[in-house]
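Everything below concerns the one structure shown next.
Just so it is clear, none of the values below were taken in a lab; they were calculated from the coordinates. Note that this is a predicted model, so its numbers are computed, not measured. Here Cβ is always computed from backbone atoms with ideal geometry, including for glycine, and neighbour counts include all displayed protein chains.
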């Protein structure tokens, strides 16, 4: 290859100056930072919506908002948190970490990387703009089931296109991750030497590439059903509204694992560091992750047990769903075994990781309960479901993101975060999040339906307790912002290894903070 | 894995992605306004599309120039190849959603409307007796005739299959370093793609004008037009890409060992071809 390439391609300058640096950047660290900050902003926007929901549910009766607006709050809260907060946060972590962890100079397709990020602010501006249109924001639930969702006002096509744009972003981001992992590893970094965060993201990215286009197809059919006279989801024309649910959940269930697999990778990085032992059962972790991904494609209809499926279908989806508990159990036991007889310390990342293991497992158990088809007929669309998925998504996915932020923040900024404040953040969050979500199990078992602004008076006490927990949890997240701000501004300098027990290329071979371009020369892998 | 001294090319500071984001957003905002009946919608959408074409010209132009300067080593080439393969996989899954809708309607929901395994039809749609093809119990869109398989669709199948062959001959010529033969057979492929599209357009006119088969003809019309329509859209993109590749081949952009863009478009074309075979079998024949 010609040598002028090295002149053009690899001038070792630092970042460009000014605002345009962030708009035109192709650097994986810059783009990772953008993703993470975007996710943080969306986390607070979605969180504000959750506060509105809890305020309305504080007491029975209608106090704060009208029912239509309440429904749009639950709908958009979910869309924002899933597509705007958790997924971009994981993608931001992938951007920051994968090139450093596999010894690559950058992501494989840097310009496309920038494109993947910069579509997102536009997509979510479109989504949120629907609140100011005739008919208001989407209010039919985040699953946008027809025929209800088709009754939305002028905002409908904007919401659909927002989903399309976010989907394009995810697909491009995932292609970048897969190609980076498969093509950019340093010599000697074999697949089975990769850190688990890289493995879990490889599988997550595969799930995204396989399912986001299916969602795009589903919402396109919604669009043409509303505007182009098609009858995909109308029985009068020979279609079937239930068909939408099948197509949607064929995307939706893998999506659930998209939201949790990277979390498994993060916890698998943090637990060994603070137990000062290598991860127990590395290869079984890899196989378990792959099994979960495979199973995620054949369990979708457990979201629709009550829709009126043939019994054979109910049974198949019930047993397939319960099988997921096996590889997931492998993971939980591996983490516990890693900690067994470890030389443990409990810095904030470890606290969040242990919190994850405990509470994610709890959410997993309620999931197992929901998997039992005849029992699900009772729980379906109740607050039990709400409690279940908030345990796996808030104390699961989001706790892992918090853990990752605390764990790698010193590496990224070169400064240690405020440990005292971090511990306060963990404990207040953990107490309040259980006050928030645990009572929702009781509410659901007692029969309180989800997605309603008002409820029967017998549910009043637990709702009030849940709301109090919600307000405390919401406010306590401001501490997280303070921690991040302080760490970026300054503080005690972090060592290159940051944590005594930390392993991996980013801790062993790079400074804290790492140079703008890490690994221009491929590192040596032992 | 190569780790030679010429390192992986990481571009710096590109403004094309942000142009792309603005262009895409403008396009979809225009389309959404159009759907809502806002008068300026089509104009906004056209503006967005114009920006999109400008962006593609600029972005692809940049990479073409970089490629010609020899800035892409083997590893970069592999990234492009893998990226294209995964992109095509995502396209496969997009079509899978619509094929899934077709299969679901034919195998499950239409028989259910007829009362197979379920009894709700007795109260809701007791008079309904049609099997596939159908526009549903309400006869949505009025009586229609279906598109026969052995007229234009069969010809189109032959056209696309032939285009796969001509494209391969062109590829062989490129590998042998025969530029004029490469361009000639590419031109034949483009022509076959264009003829296919012409027939497809004629078929749509025939469907709307003579058969009363429209997008609004119940589930049959919905699946027929969405599947063939998205396929036709992909053929259009593929034909344009082949045309661009033909121009580039004519400018001697490709060498017998370095011609990723040619191969990427060829893969895309074969993908479109395979989707058509699925369409021909499941939409037209069966």
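Results, tabulated for the structure shown:
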item	result
GNM top mover of B:58, B:83, B:198 - chain B, alpha-carbon springs below 10 Å	B:58
Quarter of the Cα convex hull surface for segment A:1-130, i.e. its orientation-mean projected area (nm²)	10.3 nm²
Between segment A:90-143 and segment A:199-250, the alpha-carbon center distance in angstrom	20 Å
Model label zone, residue A:472; criterion: amide N under 15 Å from point 7 Å along Cα-to-beta-carbon; scope segment A:408-443	A:424-440
Highest-MSF residue in chain B out of B:142, B:221, B:41 [GNM, Cα springs under 10 Å]	B:41
Residues A:398, B:281 arranged by fewest to most Cβ contacts within 10 Å	B:281, A:398
Value at 222 nm in deg cm²/dmol, rounded to 500, when DSSP H runs of n ≥ 4 in chain A each add -39,500 (n - 2.57)	-22000 deg cm²/dmol
FRET efficiency for residue B:195 and residue A:287, using Cβ-Cβ distance with R0 set to 51 Å, rounded to 0.05	0.50
0 to 90° range, to nearest 10: angle between helix A:261-275 axis and chain A longest Cα axis	50 degrees
Pair-distance profile P(r), taking every C-alpha pair of segment A:24-508, with 20 angstrom steps and integer %	24, 60, 16, 0
Computed label-point distance, nm, for sites residue A:516 and residue A:365 using a 7 Å Cα→Cβ extension	5.2 nm
Per-selection Rg to Rh, the protein assembly as shown - Cα, Kirkwood hydrodynamic radius	0.97
Relative contact order %, chain B, counting alpha carbon pairs below 8 Å whose residues are six or more apart	17 percent
Quotient of C-alpha Rg and 2.2 N^0.38 Å, computed over segment B:134-286	1.21
Whole-Å distance, taken between Cα centres, linking segment B:43-108 and segment A:353-411	36 Å
Between helix A:311-323 and chain A: long-axis angle, C-alpha atoms, 0 to 90°, nearest 10	30 degrees
Relative contact order %, segment A:384-443, counting alpha carbon pairs below 8 Å whose residues are six or more apart	63 percent
Mean separation of Cα contacts under 8 Å, 6 or more apart, over the residue count of segment A:24-508: relative contact order %	16 percent
Shape category assigned to segment B:22-146 from the gyration tensor of Cα positions, a/c cut at 1.5	oblate
Global geometry of segment A:369-467, whether rounded, prolate or oblate, following the gyration tensor of its Cα atoms and the 1.5 cut on a/c	prolate
Whether chain B is rounded, prolate or oblate, judged on the alpha carbon gyration tensor where a/c under 1.5 counts as rounded	prolate
Sorted by Cβ density within 10 Å, fewest first, the residues B:81, B:248	B:81, B:248
Efficiency of FRET from Cβ geometry, residue B:92 and residue B:206, R₀ 25 Å, rounded to 0.05	0.30
C-alpha long axis of helix B:179-206 to longest principal axis of chain B, angle in °	20 degrees
Rg to Rh quotient for segment A:320-382, alpha carbon positions, Kirkwood Rh	1.11
